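To start, the structure itself, in structure tokens.
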């Protein structure tokens, strides 16, 4: 399983975990696909009627890894990715069931935590809506190698 920080590392091209040979091949395929995607983004950003607002100079990468573009894309889109992972997951399969006591004693049932303060506030206002804010500490979780 991957964490939110791992997703960010992969998008930005910083993931250090290579895994076994099968996973290395998959990682190479994923990285090649991300390079293709970010090359398209780069071409789109730098070909807007000659007005690039410095984008060509900022994102120019002779090796076509586009690390700066990937970093900026992640910064701009991490909240959307967070909501997709936590709010829009199909079938509520991302999160494990939580234990909930049903009457106390030894009779305990496990159920999915649905609509418990996450992703309910659609207004974007502070307060209850703060549960939709990406926790910044997840960007700096060290990986065990």
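Read-outs: derived from the displayed coordinates by stated rules, not from any lab. Just so we're clear, the structure is a prediction, and the values are computed from it rather than from any experiment. Please note: Cβ atoms are built from the backbone with ideal geometry, for glycine as well, and neighbour counts cover all protein chains shown.
The table below gives the values:
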quantity: FRET efficiency estimate (nearest 0.05) - Cβ-Cβ, residue 31 to residue 57, R0 25 angstrom; calculated: 0.55
quantity: Residues residue 20 and residue 79, FRET efficiency given R0 of 30 Å [Cβ-Cβ distance, rounded to 0.05]; calculated: 0.35
